[in-house]
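Right, one structure below, let's go through it.
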Amino acid sequence: MTVMTSQAVRIDQHGGPEELKLVEVQVGEPGPGEIRIRHKAIGLNFIDVYQRSGLYQLPMPLQLGMEASGIVEAVGEGVTHLQSGDRAAYASQPPGSYCEVRVMPAKCICKLPDAISFETGAAMMLKGLTAQYLLRRTQPQGGLKEGDFVLFHAAAGGVGLIACQWAKAMGLRLIGTAGSSEKCALAKEHGAAFVINYNTEDFVARVKDITGGQGVKVVYDSVGKDTFDRSLDCLRPFGLMASFGNASGPVAPFSPGILGPKGSLYVTRQTLFSHITTRESTQEMADDLFGMVISGQVKIRIDQRFALAEVAQAHRALEARKTTGCTILTL
């Protein structure tokens, strides 16, 4: 059995960025349903922060990272959609992408088209698949139609900039929020029909003004605690509140009884990993994403690059909301 060593980022306990340690780990051969992949680039996501901090509790020690691209080195028994030498990219459980080489389940790994670079592949899978399931699969009663208003918080982030472009391609009127005039300009540049600086404007009042008092069909919210309650007031009757993150902290418990007087609203808490439980679903979503990127309708913006050894610095920048677009770790 071949055993090799790989640099990897690990934590031994939950905590701040200082817990991130670069260590050497041993990597063996893939078992049934697994592949071994040598990474070319690694994606950085807010879920990594949640797992590091302990908001999402996981067993220790923990090798972090949910997204990467690279070359398949070996495939285990039963793996038929990949072979040694394939270019590949993934967003996948379990964590462990912060490394040079790893063995992992093959189910959620997709061939990376030649037209898409390794850096773009690493940057886009988790965020792009998230935008895909939000706009294509997480829809209000009656669906989304051309001309419909949707509100998207953190519109200048990695998921947000992809969603701005995708929504424009669908004919939706996306209202994007961000925390500075520069970030608002970035969201507008990428297809947001309207932008709101939530640090200088009342986003509820602005949404009502933009929509002629009707409100939006859907709010897509990865911010959490700071935006959830007031986002409910942005929805039209029977609108959908789609929570998919906790950048400002988890949403406080609330009584379902408040949803009736606000317009018989719907609320859902979405995660990507519910949508990619099968090989077929993962490939269908990835094909949609690849098609949007290759066609040029969605461009993946990589604004920050950090070496793997600089991962703590990358986490600090992400938590301080100093990043825009996508961030990758380089090897």
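Among the listed residues ILE37, ILE47, which satisfies the condition of being at pLDDT below 95 and of a type in the set (Val, Ile, Thr)?
Result of the check over ILE37, ILE47: ILE47.
Can GLU77 be described as surrounded by 15 or more Cβ atoms within 10 Å (Cβ to Cβ) and not hydrophobic (A, V, I, L, M, F, W, C)?
No.
Scan region 193-212 and tell me whether some residue there is hydroxyl-bearing (Ser, Thr, Tyr), farther than 27 Å from GLN304 by Cβ and touching a strand residue (DSSP E or B) at 6+ places or on another chain (Cβ under 7 Å).
There is at least one residue in region 193-212 that is hydroxyl-bearing (Ser, Thr, Tyr), farther than 27 Å from GLN304 by Cβ and touching a strand residue (DSSP E or B) at 6+ places or on another chain (Cβ under 7 Å).
Quick one: in region 1-15, which of the residues that are within 23 Å of the chain's Cα centre (by Cα), in contact (Cβ under 8 Å) with a residue 40 or more places away in the chain and farther than 24 Å from GLU73 by Cβ is surrounded by the fewest Cβ atoms within 10 Å (Cβ to Cβ)?
Restricting to residues being within 23 Å of the chain's Cα centre (by Cα), in contact (Cβ under 8 Å) with a residue 40 or more places away in the chain and farther than 24 Å from GLU73 by Cβ, the top hit is HIS14.
Taking region 207-227 as the region of interest, how many residues are in contact (Cβ under 8 Å) with a residue 24 or more places away in the chain and farther than 22 Å from LYS145 by Cα? Before the answer, list the steps.
Pass one, region 207-227, residues in contact (Cβ under 8 Å) with a residue 24 or more places away in the chain: 207-208, 210-211, 214-225, 227.
Remaining after also requiring farther than 22 Å from LYS145 by Cα: 222-225, 227.
Selection size over region 207-227: 5.
For residues that are in contact with a His (Cβ under 9 Å, 6 or more places away or on another chain) and at positive phi, tally how many sit in region 28-64.
Summing the residues that are in contact with a His (Cβ under 9 Å, 6 or more places away or on another chain) and at positive phi in region 28-64 gives 1.
Which residue pairs have Cβ atoms closer than 9 Å, lie 6 or more positions apart in sequence or on different chains, and pair a first residue in region 306-331 that is over 18 Å from SER180 (Cβ atoms) and modelled with pLDDT of 95 or more with a second residue that is part of a helix (DSSP H, G or I) and polar (S, T, N, Q)?
Close Cβ pairs satisfying both conditions: PHE306/GLN313.
Provide a single number: the residues in region 289-304 that are open to solvent by 40 Å² or more (accessible area, probe 1.4 Å) and in contact (Cβ under 8 Å) with a residue 60 or more places away in the chain.
Of the residues in region 289-304, 4 are open to solvent by 40 Å² or more (accessible area, probe 1.4 Å) and in contact (Cβ under 8 Å) with a residue 60 or more places away in the chain.
Restricting to region 55-68, name every residue that is open to solvent by less than 10 Å² (accessible area, probe 1.4 Å) and either not hydrophobic (A, V, I, L, M, F, W, C) or not in a strand (DSSP E or B) (or both).
LEU64, GLY65, MET66, GLU67
So SER84 passes all but one of these: (1) of a type outside the set (Asp, Glu); (2) free of Cβ contacts under 8 Å to residues at least 60 places away in the same chain; (3) open to solvent by 50 Å² or more (accessible area, probe 1.4 Å); (4) out of contact with any Asp or Glu (no Cβ under 7 Å at 6 or more places or on another chain). Which condition number does it fail?
The failed condition is (4).
Give the number of residues within region 293-331 that are part of a loop (DSSP other than H, G, I, E, B), basic (Lys, Arg) and more than 14 Å from THR120 (Cα to Cα).
2
I'd like the full set of residues that are under 22 Å from GLY212 (Cβ atoms) and open to solvent by less than 10 Å² (accessible area, probe 1.4 Å), limited to region 133-160.
Once the filter is applied, which keeps residues that are under 22 Å from GLY212 (Cβ atoms) and open to solvent by less than 10 Å² (accessible area, probe 1.4 Å), region 133-160 yields VAL150, LEU151, PHE152, HIS153, ALA155.
What are the residues in region 87-105 that are of a type outside the set (A, V, I, L, M), in contact with an Asp or Glu (Cβ under 7 Å, 6 or more places away or on another chain) and farther than 14 Å from LYS40 by Cα, if any?
Hit for region 87-105 is PRO105, nothing else.
Inspect all residues belonging to region 21-35 and state whether any of them is touching a residue at least 40 places away in the same chain (Cβ under 8 Å), over 19 Å from the mean Cα position of the chain (by Cα) and buried (at least 23 other Cβ atoms within 10 Å of the Cβ).
yes
Looking at (1) exposed (fewer than 14 other Cβ atoms within 10 Å of the Cβ); (2) touching a Cys at 6+ places or on another chain (Cβ under 9 Å), which is the one condition that is false for SER92?
(1)
The values are calculated or read from the model by the stated rules, or taken from the named source; none is laboratory data. Bear in mind the structure is a predicted one, so any value in this text is a computation, not a measurement. Reconstructed Cβ throughout: ideal geometry from the backbone, glycine too, with neighbour counts over all protein chains shown. The accessibility values were calculated without ligands, DNA or RNA, using every heavy atom of the protein model including side chains. Shrake-Rupley method; radii C 1.70, N 1.55, O 1.52, S 1.80 Å.
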